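What follows is a short report on a single structure.
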Amino acid sequence: MPYIDRNYQFILGVAALAKDTIRAREWYAASRESWERIGKTVDRPAWEAYDDAMLAFANGRYAEALASLQRSDRLNMPRLDLLGATRFLVLDRLQMADSAIAAGEAYIALAHFQRLSQDALYLAGIRQRLGELYEAKGNFDKALAHYQAFVELWKDADPELQPRVRDVRARVERIQRRRG
């Protein structure tokens, strides 16, 4: 892939989410090298902090990932969609349910055009997980809303993904029966 076309944050993010620590380290190093070639930019420190977060995430160091995301945010990370989706995932892994809910709702509240490039990767998973978190807290109205949004997004998903859709549909039915 030509140097100019490489999206290191995307590739590093995919490796991190897949828990591929070897590839994550490789792409982290390639990203750092790329930043050295580019030189100083206004947003470089924020992107480097984001890369630090993704490498920590890949290695299961979620508290470190959260600290790096917070640093990226303080440094005015220009991509609120990436920051928001990743913050949700990290907070969920840290089992900080209330904070994860707030981060997930903040991601969804972003204007559609702000998160357009990330929705395909994150929106369905965030909707499903928010439904689970709300259901665990006994907030069945919000759980139902997120579950139904997930089902709408994935109703025509590939056959290998349909078990997840069936599971969420069963959760919707169970909540609706419970509510009468």
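Here, each number is a calculation from the coordinates, and none is a lab measurement. Source: prediction; values computed, not measured. Please note: Cβ atoms are built from the backbone with ideal geometry, for glycine as well, and neighbour counts cover all protein chains shown.
Computed over the chain, the per-residue total of -39500 (n - 2.57) for DSSP H runs of n ≥ 4 gives a 222 nm mean residue ellipticity of -26000 deg cm²/dmol, rounded to 500. Would you give the gap between the C-alpha center of region 144-170 and the C-alpha center of region 83-119, rounded to a whole Å? Using only Cα atoms, the two centres lie 19 Å from each other. Of the options Ala46, Ala120, Ile22, report the single residue whose Cα projects farthest towards the positive end of the charge dipole of the chain (beta-carbon charges: Lys, Arg +1; Asp, Glu -1). Farthest along the dipole direction, towards plus: Ala120.
One chain, two ends: Leu110 and Glu36. Fully extended at 0.36 nm per residue, the span grows by 23.5 nm beyond their Cα-Cα distance.
Seen against the Cα atoms of the chain and their longest principal axis, helix 21-38 is set at about 50 degrees. One decimal place: the segment Asp98-Ala120 gains 5.5 nm when fully extended, by the rule 0.36 nm per residue minus the C-alpha distance.
Candidates Asn7, Phe150, Leu69 compared by Cα position along the dipole of the chain: farthest toward the positive end lies Phe150, with charges placed on Cβ. Ratio of Rg to Rh for the chain: 1.02 [Cα atoms; Kirkwood radius as inverse mean 1/r over pairs]. Against the chain, whose longest principal axis is taken from its Cα atoms, helix 112-137 shows a tilt of about 50°. Angle of helix 80-93 to the longest C-alpha principal axis of the chain, folded into 0 to 90 degrees and rounded to 10: 60°. In a simple Cβ point-charge model (Lys, Arg +1; Asp, Glu -1; nothing else charged), region 104-180 has a dipole of about 380 debye relative to its Cα centre. For region 104-180, the relative contact order is 24 percent, taking Cα pairs closer than 8 Å that sit 6 or more residues apart in sequence and dividing their mean separation by the residue count.
Over region 1-78, the hull volume per residue, using the convex hull of the C-alpha atoms, is 79 Å³. As a proxy for reagent exposure, ranking His146, His112 by other Cβ atoms within 10 Å from fewest up yields His112, His146.
Would region 104-180 count as rounded, prolate or oblate if I go by the C-alpha gyration tensor, calling it rounded below 1.5 in a/c and otherwise prolate when a/b exceeds b/c, oblate otherwise? Oblate.
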